[in-house]
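Novice: What follows is a single structure, and I will ask about it in a moment.
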Amino acid sequence: MLAGLSPVEGLCFIWSMESRNYHNSSANRNIMMFASVLLDLIWKYRNKPTAWEPTLAGWIKINLDAVVINDEASIAYVARDAGGSVIKWVAQRVSTLFPLVAEAFAANFAMELVVAEWWPNVVFTSDSKIVVDVLNAFSETPWSIASAIENCSFKLSSEACWSFLCTPRLCNFMAHNIARWCLFCDSNSYLSSVLPPIMLFNTSKWSL
């Protein structure tokens, strides 16, 4: 019952128990457990990241994103070391009109890059919660991304030192902006370690 309450309802519930001198030991344990979980959630919400954060030493963090504008779609992924230095970034157009499919393509191609580069310890981050939840087996795979996700899941399961996390858009602007920038360029794909001017837009949405 307690787990179904919202944070506000939970606080009101705890207060009502206190005001009624609710002394049942079993109920008190449940109340205190719920209160600790509730406070932890509040802390995480108030302290959630608002900018890109580095990973652990010896690991590589790859932010990936996709953009669909009008009848065109592009993806981008940016690999950075623990110090925040860009190791490699990739941007390319993809053949889809669906944002979720493009996000799945981004995950798949990012993993292919990691395999090609022989990077052992990698954290992938995406602001697509659907893709992240599917890759972590938290939810079923939508049929529209089944093919791309199947390839990703196979790669992910065979690599013990890979992880896939969901990140807020505020922490993912570099990949997002590179994907947008790719749609306004002549070439269909880019792969480089040299930073383009668009890399400067790391904390806000880029537009022409």
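Novice: For the stretch 63-85, state whether one or more residues are open to solvent by less than 10 Å² (accessible area, probe 1.4 Å), under 24 Å from ARG180 (Cα atoms), of a type in the set (Asp, Glu) and touching a residue at least 24 places away in the same chain (Cβ under 8 Å).
Specialist: Checked against the condition, which is being open to solvent by less than 10 Å² (accessible area, probe 1.4 Å), under 24 Å from ARG180 (Cα atoms), of a type in the set (Asp, Glu) and touching a residue at least 24 places away in the same chain (Cβ under 8 Å), the stretch 63-85 yields at least one hit.
Novice: Residues being of a type in the set (Gly, Ala, Ser) and either open to solvent by 40 Å² or more (accessible area, probe 1.4 Å) or without any contact (Cβ under 8 Å) to a residue 12 or more places away in the chain (or both): count how many of those fall in the stretch 90-114. Quick ask: steps written out before the conclusion?
Specialist: Applying the first criterion (of a type in the set (Gly, Ala, Ser)) to the stretch 90-114 yields 91, 95, 102, 104, 106-107, 110.
Now drop any that are not either open to solvent by 40 Å² or more (accessible area, probe 1.4 Å) or without any contact (Cβ under 8 Å) to a residue 12 or more places away in the chain (or both), which leaves 95.
The number of residues fulfilling the criteria is 1.
Novice: Would you please name the residue that is farthest from VAL114 (Cα to Cα), looking only at residues in the stretch 125-143 that are of a type in the set (S, T, N, Q) and surrounded by 14 or more Cβ atoms within 10 Å (Cβ to Cβ)? Reasoning before the result, please.
Specialist: Narrowing the stretch 125-143 to residues of a type in the set (S, T, N, Q): 125-126, 128, 136, 139, 141.
Then keep just the ones that are surrounded by 14 or more Cβ atoms within 10 Å (Cβ to Cβ); that gives 125-126, 128, 136, 141.
Values: THR125: 14, SER126: 16, SER128: 20, ASN136: 18, THR141: 23 Å.
Checking each candidate, the answer is THR141.
Novice: Restricted to the stretch 115-124, and to residues that are part of a strand (DSSP E or B) and not aromatic (Phe, Trp, Tyr), which residue is surrounded by the fewest Cβ atoms within 10 Å (Cβ to Cβ)?
Specialist: Within the stretch 115-124, the subset part of a strand (DSSP E or B) is 122-124.
From what's left, not aromatic (Phe, Trp, Tyr): 122-123.
On the way: VAL122: 21, VAL123: 17.
Within the stretch 115-124, the match that is surrounded by the fewest Cβ atoms within 10 Å (Cβ to Cβ) is VAL123.
Novice: Counting just the residues of the stretch 166-175 that are assigned to a helix (DSSP H, G or I) and under 12 Å from the mean Cα position of the chain (by Cα), which one comes out surrounded by the most Cβ atoms within 10 Å (Cβ to Cβ)? Let's see the steps before the verdict.
Specialist: Let us first name the residues in the stretch 166-175 that are assigned to a helix (DSSP H, G or I), namely 169-171, 173-175.
Subsequent filtering for residues that are under 12 Å from the mean Cα position of the chain (by Cα) retains 169-171, 173, 175.
Numbers: ARG169: 10, LEU170: 14, CYS171: 19, PHE173: 22, ALA175: 30.
Among residues in the stretch 166-175 that are assigned to a helix (DSSP H, G or I) and under 12 Å from the mean Cα position of the chain (by Cα), the one surrounded by the most Cβ atoms within 10 Å (Cβ to Cβ) is ALA175.
The values are calculated or read from the model by the stated rules, or taken from the named source; none is laboratory data. Every value quoted in this text rests on a predicted model; they were computed, and no experiment measured them. No Cβ is skipped: glycine too gets one built from the backbone with ideal geometry, and neighbour counts run over all protein chains shown. Side chains included, ligands, DNA and RNA excluded: accessible areas come from the protein's heavy atoms. Shrake-Rupley method; radii C 1.70, N 1.55, O 1.52, S 1.80 Å.
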